[in-house]
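Below is one structure, written out as structure tokens; comments come after it.
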Amino acid sequence: MINFKEDEKLNHLNHSSAHLLAQAVKRLYPNAKFWVGPVIDSGFYYDMDLGNVTLTEEDLEKIEKEMKKCSKEASDIVEIKLTKKEALDMFKDDPYKLDLLSNMEDNITAYKQREFIDLCRGGHVKNTKELKHFKLIKVSGAYFKGDSKNKMLQRVYGVCFETEEDLKKYLEFLEEVKKRDHRKLGKELELFMTSEYTPGNIFYLPNGMTIYKELEKFWYEEHIKNGYKIVKTPIILNRTLWETSGHWDNYKENMYTTKVDDEEYAIKPMNCPGAMLVFKNSVKSYRDLPLRLGELGLVHRHEASGALSGLFRVRSFTQDDAHIFMRESQIEDEIRNIFKILDDMYKVFNLDYSIEFSTRPEKFIGDIKKWDEAEEKLLNVLNKVGKPYKLNPQDGAFYGPKLDVKVIDSLGRSWQCATIQLDMQLPIRFDLSYINENNQKEAPVIVHRVIYGSFERMMGILIEHYAGAFPAWLAPVQVNILPINNELHVKNAEALYQELLDMGIRVEVDNRNEKFGYKMRESQMRKIPINIILGDSEIQNNEISYRFYGDEKTTTISKEAFMNFIVKLINERA
């Protein structure tokens, strides 16, 4: 997957293209004002205020043409150093730049090309003639500073490459991404829906619920065999508990609160406090540790309406949580065990992953010494386990450092899924203890971790990863029986349907009075993994002819062999 931020040449090309975009827009719309135009993972964007003008896709073509004119002018891109006073004077008529300057001191830099000048740290290419192979991708709305109370700006996205061939390949990639969009496939395959009556919350349709339950079953199996005990905690808890956990002071803006009998309650945004209460429910000995408590807990977090996106950004979701209570000497073994579960589960989906080590954020609880100790322990374990990682400063949870695990899908895209968080704060805040071998009370260490991250997010990732063509074990309908001639073959098809149904196979029979070719095409559109073709030969010889989704090759084997094959395929999650 291309990383526009980390590849220096691509970074500079895209940063300069953002300025080229702004220059072209300013020529076409002289009253335009600009907020920021950074390089992002997928190229660049620029936020702009065009007054009463609303850009369309056709406008993007016009802007692109103007950008090409600006590029051909071969203007040098020149750095200008400014004092704050000079900068304030230069941008005195631009409220957005004045807002940026309000947080700056002296030693301000701007970059100029012909008549266009913009505040910027750099870096850039040397001349606009280097900007040849670019494309504006889309336009959308974006609130000023990301705050829905502020004015809605227009955000134009684009991308730039060194060569026409690289640009062409990337645009082809974007087309494939569009085809796989889980929101599009979710509708076509009848997996889930959303409603204006409850933004950010998911309605699972029967097909989607089948996938959900298979993911749940897989999760339970893997966790039970790895020594986890499964619990369930309430969805609504008193304010005092959230004050104890630190959520009230550090996370309240994301929480849904209510009053019950004149007391404040909150719907849980995380499962952690409930797990703490479960641990405190009885006296624990060192012999009880590690105690691995797993929970598929429904949580609610307020997300801005503009940030909501299908299954990826929602307001309610099920976290596949676990809280492991342990002694310090058990940290390494437990994190090794978590990576084993990760490896075992992700390989079933054919997902690779990368790791980021996230350290203390600006907003945190506890003392710095404990934080430093936790970071050091987690880093030592990570090095011992031998997993490569990237440092991600100041992105830990407010109660402890964490490892963020990002899965890599079939298109090479990276998605945040699992997290492993080492917590030495909540045991103190909740006064948790166990009796050690010296009959003394001792605080446990806690590891918070998820594997899927959330069922919703994982399902969205898998829809796009498989392009909706799920493997047989996960597919809503595993087998579709297509009788060649309804009059001659439908009774046998229905008998076979009942046999497969009795074996626990999710099966359908297409007994409509339609041509066989039409039935097969429709089954392919539904991405059903196995299609059985039933005609005279199969009935007479007690055989099964079948095709896999997307394969024109037909395989014929004995009925008994097919039954064994399909059961093995599903049970092994192949």
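Structural remarks
- Matching residues in region 116-134 - criterion: being in contact (Cβ under 8 Å) with a residue 60 or more places away in the chain and either among the basic types (Lys, Arg) or loosely packed, with under 13 Cβ neighbours inside 10 Å (or both): Gly122, Lys132
- In summary, Tyr518 fulfils each of the numbered conditions (1) assigned to a loop (DSSP other than H, G, I, E, B); (2) of a type outside the set (Gly, Ala, Ser); (3) surrounded by 11 or more Cβ atoms within 10 Å (Cβ to Cβ) with the single exception of condition (1).
- Qualifying positions in region 153-166 - out of contact with any helix residue (DSSP H, G or I) (no Cβ under 7 Å at 6 or more places or on another chain) and either touching a residue at least 60 places away in the same chain (Cβ under 8 Å) or assigned to a helix (DSSP H, G or I) (or both): Gln154, Arg155, Tyr157, Glu164, Glu165, Asp166
- Search result, residues across region 8-52 that are in contact with a helix residue (DSSP H, G or I) (Cβ under 8 Å, 6 or more places away or on another chain) and assigned to a loop (DSSP other than H, G, I, E, B): Ala32, Trp35, Val36, Gly37, Pro38, Leu50
- Total residues in region 484-515, condition more than 20 Å from Lys553 (Cβ to Cβ) and either in contact with a His (Cβ under 7 Å, 6 or more places away or on another chain) or in a loop (DSSP other than H, G, I, E, B) (or both): 11
- Residue satisfying all of: in region 1-32; basic (Lys, Arg) and at pLDDT below 95; farthest from Asp49 (Cα to Cα) among these: Lys9
- Restricting attention to region 300-315, the residues being surrounded by fewer than 18 Cβ atoms within 10 Å (Cβ to Cβ) and not in a loop (DSSP other than H, G, I, E, B) number 5.
- Search result, residues across region 513-527 that are under 13 Å from Asn486 (Cα atoms), in contact (Cβ under 8 Å) with a residue 24 or more places away in the chain and among the charged types (D, E, K, R): Lys519
- In this structure, Lys229 qualifies as in the same structural domain as Leu311 (by TED's automatic domain parsing) and under 26 Å from Asp333 (Cα atoms).
- Subset of region 6-31 that is touching a strand residue (DSSP E or B) at 6+ places or on another chain (Cβ under 8 Å) and of a type in the set (A, V, I, L, M) - its residue that is surrounded by the fewest Cβ atoms within 10 Å (Cβ to Cβ): Leu10
- Test for Glu437: is it out of contact with any strand residue (DSSP E or B) (no Cβ under 7 Å at 6 or more places or on another chain) and either within 30 Å of Ile368 (Cα to Cα) or modelled with pLDDT under 95 (or both): yes
- Residue in region 258-268 that is modelled with pLDDT under 95 and either within 30 Å of Glu190 (Cα to Cα) or part of a loop (DSSP other than H, G, I, E, B) (or both) present: yes
- Residues of region 198-245 that are without any contact (Cβ under 8 Å) to a residue 12 or more places away in the chain and more than 17 Å from Tyr256 (Cα to Cα): Phe203, Met209, Lys213, Lys217, Tyr220, Glu221, Ile224, Lys225.
- Here Lys184, Lys145, Lys178, Lys169 are screened, and the one residue that is on the phi > 0 side of the Ramachandran plot and assigned to a helix (DSSP H, G or I) is Lys145.
- Residue within region 58-65 that is touching a helix residue (DSSP H, G or I) at 6+ places or on another chain (Cβ under 7 Å) and in contact (Cβ under 8 Å) with a residue 40 or more places away in the chain present: yes
- Test: residue in region 464-474 that is crowded, with 19+ Cβ neighbours inside 10 Å, among the aliphatic types (A, V, I, L, M) and assigned by TED's automatic domain parsing to the domain that holds Leu205: no
- Scanning region 223-253 for residues being assigned to a helix (DSSP H, G or I), out of contact with any helix residue (DSSP H, G or I) (no Cβ under 6 Å at 6 or more places or on another chain) and surrounded by 14 or more Cβ atoms within 10 Å (Cβ to Cβ) gives a total of 6.
- For region 533-570, filtered to residues that are in a helix (DSSP H, G or I), touching a residue at least 12 places away in the same chain (Cβ under 8 Å) and under 35 Å from the mean Cα position of the chain (by Cα), the residue that is farthest from Phe218 (Cα to Cα) is Ile566.
The values are calculated or read from the model by the stated rules, or taken from the named source; none is laboratory data. Please read these numbers as outputs of a predicted model, since none were measured by experiment. Neighbour counts run over all protein chains shown; Cβ positions are idealised from the backbone, glycine included.
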